[in-house]
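Chemist: I'd like to ask you about the structure that follows.
Just so it is clear, none of the values below were taken in a lab; they were calculated from the coordinates. This structure is a prediction, so every number in the text was calculated from the model and none was measured. Neighbour counts run over all protein chains shown; Cβ positions are idealised from the backbone, glycine included.
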Amino acid sequence: MSLAEIRARFGAAGIVDLAPAHGRVGAITDDTQMTLFTAEGLLRADARWRERGICHVPSVVRHAYLRWLHTQAEASPAIDEFSNGPTSWPDGWLVELKPLHDRRAPGNTCLAALREARFGSVEGPLNDSKGCGAVMRIAPVGLFVDASRRFDLGCEIGALTHGHPSGYLAAGFLASLIGSLLDGNGLDGALDSATAELIGRPRHDECLHAIEAAKTLARAGEPTAEKLESLGEGWVAEEALAMSSYCALVAQDFRHGVTLAVNHGGDSDSTGAITGNILGVLSHPGDLPLEWLAELELRDEIEQLAGDLAADAEDPGRSWERYPGW
């Protein structure tokens with residue numbers, strides 16, 4: 001829907017509350033599906049490291065994404081490597097959740113990349129895509145990974161599916177930003193810190209220009225949907241990152257920032273998700289609209305996985321039974 005169509009349907013203020021989608025109010029999208037599998041992959045990778053003393057984290061996260069691919073009724077030749085694995089394929093409690101088996105408009109690049117026998121990397125990209133499918137799923141890296149690794153690991157996990165530098169650098173940027181906020185830095189300082197890391201990477205110009213445009217726009221008076229749309233549509237990674245950063249910078253609170261992020265004619269579920277990632281770290285649980293939480297699909301399971309991330313960070317190595325390291 002265009003911005004004009006959104007306003008025609010929901011009123012002059014645009015959409016301000018949850019609306020029915022995928023057969024219910026409060027439905028998650030593919031963004032949340034893949035974010036959950038990112039978190040699962042990180043927990044499994046950490047369990048492997050603690051138990052075995054060796055782990056290539058992107059590979060274990062990719063295994064989690066292949067479980068997500070299975071929920072989308074697709075498969076990769078890469079699952080042959082699991083034929084002699086310690087358990088049947090696919091395993092884990094996430095794949096047992098029915099809403100994760102529903103197709104919620106998954107990104108074509110993610111599907112195509114995961115169907116490949118080999119995995120993509122920064123050094124060996126599968127494609128030249130810079131769609132937002134890498135950045136929209138990467139927040140758990142910022143929540144869980146040590147500061148020295150956040151940016152690089154965000155890039156590496158992003159590059160599993162998106163080979164253009166702007167595709168994976170945006171993911172690295174958001175992982176660094178989320179982690180810096182979690183460390184107690186304010187939004188301006190966290191943006192500056194992530195920007196400093198970005199500048200050290202090859203072919204960073206597109207992402208840098210997009211972030212600087214968002215920061216400049218945030219100083220340009222009252223926020224509006226029209227101003228947000230001047231940053232792009234959000235289908236590509238640097239635009240989604242910039243639009244979400246702008247919404248977070250001008251947000252009066254969680255509700256205001258996320259509402260602004262979804263009132264445009266582009267990839268609004270992704271900009272809404274990324275803005276929610278950023279503002280969620282800056283908010284207390286009570287700041288989130290209770291009526292949104294009450295309707296949220298898989299709320300208990302999302303909270304369970306978030307709790308497992310936090311618990312593992314405090315008490316690492318205790319989770320092999322729930323998150324086997326492969």
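Chemist: Over the stretch 1-94, consider all pairs of different Cα atoms and compute the Kirkwood hydrodynamic radius from their mean reciprocal separation; express it in Å, one decimal. Numbers along the way, then the final one.
Modeler: Working: mean 1/r = 0.0621 Å⁻¹.
Result for the stretch 1-94 stands at 16.1 Å.
Chemist: Hey, what angle do you get for helix 187-199 against the long axis of the chain, alpha-carbon based, 0 to 90 degrees rounded to 10?
Modeler: That helix lies at roughly 60 degrees to the long axis.
Chemist: When the chain is modelled as a GNM with alpha-carbon springs shorter than 10 Å, which of Ala218, Ala117, Ala194 fluctuates the most?
Modeler: Looking only at Ala218, Ala117, Ala194, the biggest GNM fluctuation is shown by Ala117.
Chemist: Same structure again: For the pair Arg149 and Arg52, what calculated FRET efficiency results from E = 1/(1 + (r/R0)^6), where r is the Cβ-Cβ distance and R0 = 30 Å, to the nearest 0.05? Kindly include the intermediate steps, with their values, before the conclusion.
Modeler: Values: r = 18 Å, r/R0 = 0.61.
Once rounded, the FRET efficiency stands at 0.95.
Chemist: Could you rank the peptides 103-110, 268-275 by their average count of other C-beta atoms within 10 Å per residue, with the highest value first?
Modeler: Values: 103-110: 17.9, 268-275: 26.9.
So the peptides 103-110, 268-275, ranked by packing, come out 268-275, 103-110.
Chemist: Given a Förster distance of 35 angstrom, what is the FRET efficiency for Val16 paired with Glu116, based on the Cβ-Cβ distance and rounded to 0.05?
Modeler: Numbers: r = 41 Å, r/R0 = 1.17.
FRET efficiency, Val16 to Glu116: 0.30.
Chemist: Once every DSSP H run of n ≥ 4 in the chain is given -39500 (n - 2.57) and the sum is divided by its residues, what mean residue ellipticity at 222 nm do you get, rounded to the nearest 500 deg cm²/dmol? The partial results should precede the final answer.
Modeler: Working: 15 runs with 178 residues, N = 326.
After summing the helix terms and dividing by the residues of the chain, the value is -17000 deg cm²/dmol.
Chemist: Same structure again: Which of the aspartates and glutamates could a cross-linker span from Lys130 if the Cα-Cα distance has to be under 18 Å and same-chain partners fewer than 8 positions apart are dropped?
Modeler: Partners found: Asp30, Asp31, Glu116, Asp152, Glu156, Asp205, Glu206, Glu233, Glu238, Glu239, Asp267, Asp269.
Chemist: Against the longest alpha carbon principal axis of the chain, how many degrees, from 0 to 90 and to the nearest 10, is the axis of helix 299-314 turned?
Modeler: 70 degrees
Chemist: Continuing with this model, one more query. Based on the Cβ-Cβ distance from Thr224 to Ala105, what FRET efficiency comes out when R0 is 35 Å, to the nearest 0.05?
Modeler: 0.85
Chemist: If you don't mind, another one. Assign one of three labels to the stretch 114-244, namely rounded, prolate or oblate, based on the Cα gyration tensor with a ≥ b ≥ c the square roots of its eigenvalues; rounded applies when a/c is under 1.5, prolate when it is not and a/b is larger than b/c, and oblate otherwise. Write out the running numbers ahead of the final one.
Modeler: Details: a/c = 2.02, a/b = 1.33, b/c = 1.52.
Cα axes put the stretch 114-244 in the oblate bin.
Chemist: Specify the residue with the greatest mean-square fluctuation among Val236, Val60, Val16, computed from a Gaussian network of the chain linking alpha-carbon atoms under 10 Å apart.
Modeler: Most flexible of the set in this elastic network: Val16.
Chemist: Also: From the phi angles alone, apply the Karplus equation (6.51, -1.76, 1.60; θ = phi - 60°) to the stretch 107-120 and give each ³J(HN,Hα) in whole Hz, x where the residue is Gly or Pro.
Modeler: Residue by residue, the stretch 107-120 yields x, 4, 5, 4, 4, 5, 5, 6, 6, 6, 6, 9, 9, x Hz.
Chemist: For Lys215, list the lysines whose Cα falls under 20 Å from its own Cα; do not include residues on the same chain fewer than 8 positions away.
Modeler: Reachable lysines: Lys227.
Chemist: Continuing with the same structure: Note the angle between two axes, namely the Cα long axis of helix 268-282 and the longest principal axis of the Cα atoms of the chain, as a number of degrees from 0 to 90, rounded to the nearest 10.
Modeler: So the helix axis and the longest Cα principal axis differ by about 80 degrees.
Chemist: Mind listing the long-range amide H neighbours of Gly131? Cut-off is under 5 Å, sequence gap 5 or more, other chains count too, H placed in the peptide plane at 1.01 Å from N.
Modeler: Amide H to amide H, under 5 Å and 5 or more residues apart or across chains, Gly131 pairs with Ala237.
Chemist: Name the residue, out of Gly265, Gly189, Gly23, whose mean-square fluctuation peaks in a Gaussian network model built on the chain with Cα pairs under 10 Å.
Modeler: The residue with the greatest mean-square fluctuation here is Gly23.
Chemist: OK, next. Quick one: Ser129, Ser193, Ser88, fewest Cβ neighbours within 10 Å first, how do they rank?
Modeler: Fewest-to-most Cβ neighbours within 10 Å comes out as Ser88, Ser193, Ser129.
Chemist: I've got another one for you. Can you tell me the dipole magnitude for the chain around its Cα centre, using point charges on the Cβ only (Lys, Arg +1; Asp, Glu -1), in Debye to the nearest 20? Present the calculation step by step, with values, prior to reporting the outcome.
Modeler: Working: 27 positive and 47 negative charges, 79 e Å.
Roughly 380 debye, rounded to the nearest 20.
Chemist: What residue among Gly133, Ala159, Val122 has its Cα farthest toward the positive end of the dipole of the stretch 114-168, where the charges are +1 on Lys, Arg and -1 on Asp, Glu, each on the Cβ?
Modeler: Value computed over the given set: Gly133.
Chemist: So if I average 1/r over every pair of distinct C-alpha atoms in the stretch 25-313 and take the inverse, what Kirkwood radius in Å does that give?
Modeler: Details: mean 1/r = 0.0530 Å⁻¹.
With all distinct Cα pairs of the stretch 25-313 included, I get 18.9 Å.
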